[in-house]
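Only one structure is covered here, and it is reproduced in the block below.
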Amino acid sequence: MKKAPVIFLILSAAFVLLMSLPWLVPHMGWTALLGLVPLLVMERLATEYKVKHFWWIQYACFVLWNAVTTWWVGGATVGGAVFAILANALQMSVVFGSFRWVKRRTKGALPYLFLAAAWMAWERYYLTVAEISWPWLVFGNAFADTTGLVQWYSVLGTLGGSLWVWGSNLGLFGLMVALSDGRMAGWNGKARVAAFGSVVAVFFGPMIWSACLKAKPSEGSLKVVIGQPNYDPYEKFESLPQAEQDRRFLGLVEKADWTSEEPTLVLAPETFTSRVFTDAVFSHETFAHFQAFLKKHPQASILYGASTMERVYSRTQPHPCAYDLGKEEDGRHLWILMHNSAILTDTTGLYQLYHKSKLVVGTELTPYPKFFIPLEKFLSHGEYLMAKDIGQKEISCLQMGDIPIGTAVCYESVYGEFCTGYVKKGAKLLAVITNDAWWGDTPGHRQHFNYSRLRAIETRRWVARCGNTGISALIDPEGHVVSRTPWWEPALLEGSVGLASEQTFFVRYGDMVGRVAVFLFLLLAAAAVFRGKKPLKE
């Protein structure tokens with residue numbers, strides 16, 4: 001095949017373009033429904049013409065796709081971006097390579113069914129138990145800015161979108177193969193109608209289903225005031241005094257309409273304040289400043305992010321990431337546990353704490369600490385210098401009067417089934433506090449914002465989102481952006497959000513698509529192993 005390099009280059013470019021558009025261009029989620037076809041065609045040609053070292057070609061395709069869509073991670077950490085791109089592409093290539101292995105041992109549609117099941121099983125692993133977890137490019141996320149097509153996420157969740165992507169692409173690819181092989185010429189009229197009709201149904205059926213689904217009316221409302229302070233993150237953590245940060249933020253939210261006495265939730269962003277001991281929140285300067293504000297506006301409650309430290313006295317290390325500050329007189333050691341927390345306080349002077357559970361690998365989390373912590377100590381000549389947070393094991397809500405609020409801290413808003421835990425605990429609305437400024441004005445903060453829209457649909461809850469530098473917004477239960485702030489501007493956002501108590505199918509039963517995919521993957525993998533064995537010749 002003399003023209004293979006040119007054909008492969010064109011097909012690779014088509015794959016990268018079609019699969020990148022949903023993450024880069026608004027309202028282009030539908031291109032993912034045909035974006036895998038070039039990759040499948042390329043694999044078929046490679047098999048037919050026995051192209052050597054095709055694994056490296058497919059790996060290059062996945063590297064390019066990851067790089068085009070998530071290059072912005074380098075704004076926070078260049079090394080982390082390189083690792084994320086190469087490692088995520090490697091896992092994609094392993095899944096695709098296992099499909100090629102299965103294809104050599106089985107025939108017909110089974111290998112392609114295995115590919116879809118294996119891919120979604122891997123996505124579910126990313127979204128649930130993986131310690132090194134980067135589910136940014138889960139196929140179902142392709143519709144985060146095309147929410148009108150996926151109102152049924154309230155039933156099937158984000159992996160339902162991945163199933164739609166695979167079903168549409170495999171259906172289109174199957175028709176192309178039948179046409180190119182000439183098999184379709186031997187079909188009768190009914191068979192052709194059935195083939196084309198099924199592909200059309202898979203492609204357009206979910207769109208029609210989505211148009212038929214609507215969120216139910218709210219059961220009540222709550223006034224929300226969001227302050228977007230717009231601090232440069234490096235200045236914020238290195239040189240801007242906390243007292244000045246507090247003053248600017250409170251000056252911003254003071255401009256809201258406080259003439260009404262209705263209960264009001266005031267939101268501040270993730271890690272708004274730092275160096276807060278969990279047993280001494282009352283004595284921290286930010287808490288004192290907020291209490292002074294609340295005395296003037298007793299109808300308000302303030303929810304803000306904080307980097308907190310928990311003191312634990314123990315003779316043994318309570319957690320692999322705990323820091324030993326020395327031995328006490330009674331023989332116990334003082335250990336410090338770091339948390340990325342949300343704090344809710346009101347005019348009573350009391351407060352509630354929630355610690356972020358889904359942590360960012362590298363900057364907040366040391367995965368597999370029994371291996372990596374000794375490695376870090378060795379590389380740093382015995383000193384473990386990288387501060388790491390410790391997540392909260394059990395999800396919980398913050399209670400504003402009789403209103404439970406599910407508070408997703410930054411990265412947690414990427415995990416759909418995780419966020420249903422807030423609703424199962426009674427959350428009547430979701431709050432997202434984040435700091436996306438590390439990436440600059442790149443697609444990163446827009447992608448992260450759009451994932452909150454998917455969480456709104458899956459749970460059918462209003463989402464009040466507060467970012468340090470944007471995008472802060474109010475999102476309704478159908479994923480529509482009711483109001484939002486601009487990027488890189490101090491901004492005040494006021495509005496009312498609806499409250500709900502009913503649980504969606506996805507909240508009640510979780511990720512059914514992912515569970516079925518794992519089962520099919522294991523079943524088909526076993527079938528490939530045993531079916532491929534041939535009896536030895538005598």
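The values are calculated or read from the model by the stated rules, or taken from the named source; none is laboratory data. Just so it is clear, the structure is predicted and the values come from calculations on it, not from any experiment. Cβ coordinates were reconstructed from backbone atoms using ideal geometry, including for glycine residues, and neighbour counts include every protein chain displayed. Areas reflect the complete protein model, heavy atoms only, side chains present, ligands, DNA and RNA absent. Shrake-Rupley method; radii C 1.70, N 1.55, O 1.52, S 1.80 Å.
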**OP:** Work out, step by step, the length gained on full extension between Thr348 and Ala191: first 0.36 nm times the residue separation, then minus their alpha carbon distance; give nm to one decimal.
**Re:** 49.4 nm
Subject >> Relative contact order (%) - criterion: Cα under 8 Å, at least six apart; region: the stretch 414-467 >> reply: 53 percent
Original post:
Going from the alpha-carbon gyration tensor of the stretch 17-106, what semi-axes, largest first and in whole Å, does one get by taking the root of 5 times each eigenvalue?
Top reply: 26, 18, 10
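For the chain, take the alpha-carbon Rg, divide it by the Kirkwood Rh, and send me Rg/Rh.
So for the chain, dividing Rg by the Kirkwood Rh gives 1.02.
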Subject >> Dipole of the stretch 424-538 [Lys/Arg +1, Asp/Glu -1 at C-beta], most positive-end residue of Gly498, Trp438, Met512 >> reply: Met512
**OP:** Mind checking which of Ser301, Ile471, Gly251 is farthest towards the positive end of the chain's charge dipole, using Cβ charges of +1 (Lys, Arg) and -1 (Asp, Glu) about the Cα centre?
**Re:** Ile471
Original post:
Where the accessible area of the chain is counted over protein heavy atoms with a 1.4 Å probe, how much of it, in %, is carbon and sulfur?
Top reply: 64 percent
Original post:
With the contact rule set at Cα under 8 Å and sequence spacing of 6 or more, what percent relative contact order holds for the stretch 121-203?
Top reply: 24 percent
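Expressed as a whole percent, how much of the Cα-Cα distance distribution for the stretch 411-538 exceeds 23 Å?
Working: 3696 of 8128 pairs.
The proportion of pairs with Cα distances above 23 Å equals 45 percent.
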Subject >> GluC sites (Glu not before Pro) within the stretch 177-261, DSSP loop, no more than 16 other Cβ atoms inside 10 Å >> reply: Glu219, Glu254, Glu261
Original post:
From a point 7 Å beyond the Cα of Val529 in the direction of its Cβ, which residues of the stretch 67-97 have a backbone N at a distance under 20 Å?
Top reply: 94-97
**OP:** May I ask you to derive the relative contact order of the chain, considering only C-alpha pairs under 8 Å and at least 6 residues apart, and to give it as an integer percent?
**Re:** 17 percent
Subject >> Electrostatic dipole magnitude of the chain [Cβ: Lys, Arg +1; Asp, Glu -1; Cα centre; debye, to 20] >> reply: 3060 debye
Original post:
Ratio of Rg to Rh for the stretch 247-305, alpha carbon only, Kirkwood?
Top reply: 0.97
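Quote the FRET efficiency, to the nearest 0.05, computed for Arg508 versus Glu261 with a Förster distance R0 of 45 Å and r equal to the Cβ-Cβ distance.
0.75
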Original post:
Kirkwood Rh, Cα Rg: Rg to Rh for the stretch 203-295?
Top reply: 1.18
Original post:
How big is D for the stretch 127-280, in µm² s⁻¹ as a whole number, if Stokes-Einstein is applied with the Kirkwood radius of its Cα pairs at 4 °C and 1.567 mPa s?
Top reply: 61 µm²/s
Subject >> Environment charge at Phe277 (Cβ cut-off 10 Å; Lys +1, Arg +1, Asp -1, Glu -1) >> reply: 0
Original post:
In square nanometres, what is one fourth of the surface area of the convex hull spanned by the alpha carbons of the stretch 441-497?
Top reply: 3.5 nm²
Original post:
Each residue of the stretch 504-520 in turn: what ³J(HN,Hα) in whole Hz from Karplus with 6.51, -1.76, 1.60 and θ = phi - 60°, glycine and Pro shown as x?
Top reply: 6, 4, 5, 5, 5, 10, x, 7, 5, 4, x, 5, 5, 4, 4, 4, 5
Original post:
Calculated FRET efficiency, Leu90 and His319, Cβ-Cβ r, R0 25 Å, to nearest 0.05?
Top reply: 0.25
**OP:** For the stretch 392-532, give the magnitude of the charge dipole about the Cα centre (Cβ charges: +1 Lys/Arg, -1 Asp/Glu; no others), in debye to the nearest 20.
**Re:** 460 debye
Original post:
If you put +1 on each Lys and Arg Cβ and -1 on each Asp and Glu Cβ, how big is the dipole of the stretch 162-282 around its Cα centre, in Debye rounded to 20?
Top reply: 1040 debye
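Take the cross-link list Lys223/Lys296; Lys223/Lys428; Lys223/Lys358; Lys356/Lys428; Lys214/Lys358 and give me the ones stretching past 21 Å between alpha-carbons. Could you put the intermediate results ahead of the total?
Working: Lys223/Lys296 17 Å; Lys223/Lys428 13 Å; Lys223/Lys358 28 Å; Lys356/Lys428 19 Å; Lys214/Lys358 30 Å.
Listed pairs above 21 Å: Lys223/Lys358; Lys214/Lys358.
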**OP:** Pop the C-beta distance of Arg247 and Thr128 into the FRET formula with R0 = 35 Å and round what comes out to the nearest 0.05.
**Re:** 0.25
Original post:
If you wrap the stretch 193-247's Cα atoms in a convex hull and average its projection over all directions, what's the area in nm²?
Top reply: 9.0 nm²
Subject >> Extended-chain gain in nm, criterion 0.36 nm per residue less alpha-carbon gap, Arg311 and Arg183 >> reply: 39.0 nm
Subject >> Dipole of the chain, positive end: most advanced residue of Pro241, Pro263, Gln91 [Cβ charges, Cα centre] >> reply: Gln91
Subject >> Among 355-361, 45-51, the order from most to least packed when residues are scored by Cβ within 10 Å on average >> reply: 355-361, 45-51
Original post:
How many nm is it between the label spots at Ile10 and Tyr368, if each spot is 7 Å from the Cα in line with the beta carbon?
Top reply: 4.3 nm
**OP:** State the volume of the convex hull built on the alpha-carbon positions of the stretch 52-188, expressed per residue in Å³ and rounded to an integer.
**Re:** 157 Å³
Subject >> Label point distance in nm, Ser221-Glu285, each placed 7 Å from Cα along Cα→Cβ >> reply: 3.9 nm
**OP:** Among DSSP beta bridges whose residues both lie in the chain, state the antiparallel percentage, nearest 5.
**Re:** 65 percent
